[in-house]
Amino acid sequence: MEDYMKRIGVIGAMEPEIRKLQESMQDVRIVHKASTEFYEGTLDGHPVVAARSGIGKVNAAVCAQIMIDLFQVDLLLNTGIAGSLDPQINIGDIVLSTDLVHHDMNAVGFGYARGQIPQMEAFSFAADPALIELAEQVCRRVNPDIQVFRGRILSGDQFVSDQAVKDDIKKTFGGLAVEMEGASIAQTAFINGVPFLGIRAISDKADGSAVMDYPAFEAKAAMHSSNLTMGLIGQL
Ligand code: SAH
């Protein structure tokens, strides 16, 4: 696309979400920082740093800031799995983030809307429009058997596996998927001025069936997200 090769930071919360990328990289050097292994190397000539951050918003934010400070990444991708908030979106399908909100941020007592971080102008953290566009094209090519959607993703330190909780999140924020890291990575990218995209494949429906579906579909969903992420890196 350009002469300058962008350094791409990729964060997955869990091993199945990041392992294939790490195994596919060349010239790997592993750097240890904050109890995390950062794989620095290339994927088909593209400079990449890939890490398993651990689960939840704090782990993800720490990892994102290290990617920016220590590895000077030019853009950040978050690959992984999520619960679906929309009946049209099936297990295995992909959701590309348009923007991300912390569904568990709550300062309504001070008159803020749910999700609004007090004293911050932004309500949601937007993904890079060009990355969304490119990822959608790549997804149709590398994952031809599944659907790809664009929409808001909600993040919180909570595995959503209850219909009432799901309904409340959907009614309050809209959105297509719920997970536990994306908004914190998007926020870290935003405050540092780094372009971001969240790529999530659906592992469950974030309702009473989630505890059964999640383990059954974790690997398959993680693979779809990982395939797309690796395909996208090839285009950057
Ligand atoms: N399998 C893990 C726990 C997974 S927590 C264990 O037992 O150790 C769920 C992970 O998948 C998080 O990283 C989150 O981002 C994502 N996720 C998938 N479905 C989700 C849901 N319904 N609600 C919240 N996060 C979900």
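Each value in this text was obtained by applying a stated rule to the coordinates, not by laboratory testing. Because the structure is predicted, anything quoted here is derived from the model rather than measured. When we count neighbours, we look across all protein chains shown, and the Cβ atoms used for this are built from the backbone with ideal geometry, even at glycine.
Only helices enter this figure: runs of n ≥ 4 DSSP H residues, each worth -39500 (n - 2.57), summed and divided by the residues of the chain, yield -11500 deg cm²/dmol at 222 nm to the nearest 500. Comparing mean-square fluctuations of Arg19, Arg141, Arg52 from a GNM of the chain with C-alpha springs under 10 Å, the top value falls on Arg141. Of the residues Leu85, Leu100, the one with the fewest other Cβ atoms within 10 Å heads the list, and the complete ranking is Leu85, Leu100.
Computed extension length for Ala130-Ala107: 5.0 nm, one decimal, from 0.36 nm per residue of separation with the Cα-Cα distance subtracted.
Here the relative contact order of the range 2-235, from alpha carbon pairs under 8 Å that lie six or more residues apart, stands at 27 percent.
Just to confirm the number: angle between the C-alpha axis of helix 129-142 and the first principal axis of the chain, 0 to 90 degrees, nearest 10? Helix 129-142 sits at roughly 80 degrees to that axis. Counting neighbouring Cβ atoms within 10 Å and putting the fewest first, the residues Leu176, Leu228 line up as Leu176, Leu228.
Charge tally for Ser155 (other residues, Cβ to Cβ under 13 Å; Lys, Arg +1; Asp, Glu -1): -2. For the range 1-110, the list of GluC sites (Glu not before Pro) that fall in a loop by DSSP and count at most 15 other C-beta atoms within 10 angstrom reads Glu2.
For the chain, a simple Cβ point-charge model (Lys and Arg +1, Asp and Glu -1, everything else neutral) yields a dipole of about 80 debye relative to the Cα centre. Placing a pseudo-label 7 Å from each Cα along the Cα-to-Cβ vector at Phe123 and Asp74 gives an inter-label distance of 3.4 nm. As a proxy for reagent exposure, Ser184, Ser35, Ser124 were ordered by neighbouring Cβ count within 10 angstrom, fewest first; the result is Ser35, Ser124, Ser184.
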